[in-house]
Amino acid sequence: MSKIIKELDEIIKGILPWLIVFLVSFIIFFSGGLSGKFFKIIQHDLLPKEMQLIVTNPLNALLIQIEISLFLAFLISLPYLLYKIIAYLSPALYKHEKKTIIKALLPAALLFVSGALFAYFVLIPSTFKIMNFYVFSAGAIPFFEINEFVSMVIALTLTTGFLFLLPVFMRILSSLGIVEASLWMKNFKYAFIGFLVFSAIVTPDGTGITMLMLSLPLTFLYLIGYFFSKGFNNGGTSNSR
């Protein structure tokens with residue numbers, strides 16, 4: 001029991017500096033009005049001109065400022081959080097495991113940014129256009145609740161960013177000997193079906209178009225992950241720390 005308490009104490013001590021950075025960033029974004037400026041940017045970039053935002057509850061206007069500030073604070077403090085996690089795990093990792101994780105940081109950052117940009121400039125605008133088409137075909141006027149708009153943009157941006165990390169996770173699992181590279185290709189059809197199902201859940205338009213727009217890049221990234229995982233076999237690395 002004392003060992004568990006000691007471990008929890010170490011985790012809290014390790015995570016506390018990141019939490020302080022996160023909270024300070026949140027306060028700066030919220031109190032400095034940067035969240036409001038960011039909202040105007042995403043409204044200008046993503047919201048179709050024919051669609052109008054509405055506020056059904058005055059409290060929602062405050063909540064979106066908080067939500068955006070939390071989102072921006074998380075993005076800004078994420079590199080520091082990853083550093084703290086790696087520093088905490090480092091004593092328990094072998095030398096080759098540390099090297100593998102460190103090498104994966106830059107590709108992971110690039111893939112996450114690529115996924116977020118893909119969602120922001122391709123996936124989300126396409127979703128709104130498709131939704132608008134069916135609204136107009138029904139003879140209705142398109143209104144969007146402001147809180148739902150912001151939540152959808154943030155959720156799709158973060159989710160797509162993390163999904164684009166797939167090749168990095170595949171390479172790490174294979175290089176550490178956890179998953180043989182050949183298994184990735186053997187299970188390709190199941191992965192493809194999984195991408196379709198998950199994309200259908202994540203994308204909100206329900207037409208299947210944006211589902212394909214997301215699942216196809218994920219399939220391509222899966223193949224890239226398999227390609228870069230080839231050559232790693234179980235037991236092929238040194239166990240020196």
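The values are calculated or read from the model by the stated rules, or taken from the named source; none is laboratory data. Predicted model only: the values in this text are computed from it and were never measured. All Cβ positions, glycine included, derive from the backbone under ideal geometry; neighbour counts span all protein chains shown. These area figures cover heavy atoms from the full protein model, side chains too; ligands, DNA and RNA do not enter into them. Shrake-Rupley method; radii C 1.70, N 1.55, O 1.52, S 1.80 Å.
Ellipticity at 222 nm from helices only: DSSP H runs of n ≥ 4 in the chain, each -39500 (n - 2.57), divided by the residue count, give -26000 deg cm²/dmol. Quick one: check the C-alpha center-to-center distance for the stretch 27-96 versus the stretch 172-186, whole angstrom. The distance from the Cα centre of the stretch 27-96 to that of the stretch 172-186 comes to 34 Å.
Test of the criteria: in the stretch 45-120, which chymotrypsin sites (Phe, Trp or Tyr not before Pro) are in a DSSP loop and have at most 14 other Cβ atoms within 10 angstrom of their Cβ? Those that pass, being in a loop and sparsely packed, are Tyr94. When the chain is treated as a Gaussian network with alpha carbon springs shorter than 10 Å, the biggest mean-square fluctuation among Val168, Val55, Val202 belongs to Val55.
Here's the list of lysines a cross-link from Lys103 could span, going by alpha-carbon distance under 28 Å and ignoring same-chain residues fewer than 8 apart: Lys13, Lys84, Lys95, Lys186, Lys230.
Here Lys129 is the anchor, and the aspartates and glutamates within straight C-alpha reach of less than 12 Å, apart from those fewer than 8 places off in the same chain, are Glu50, Asp205. Tell me which DSSP H helices of the chain clear both cut-offs, 27 Å or more of axial length from alpha-carbon atoms and a mean Kyte-Doolittle hydropathy of at least 0.5. Membrane-span-like by this rule: 2-31, 58-89, 95-118, 209-229.
Note on the stretch 16-99: with neighbouring protein chains present and a 1.4 Å probe, carbon and sulfur make up 71 percent of its accessible heavy-atom surface.
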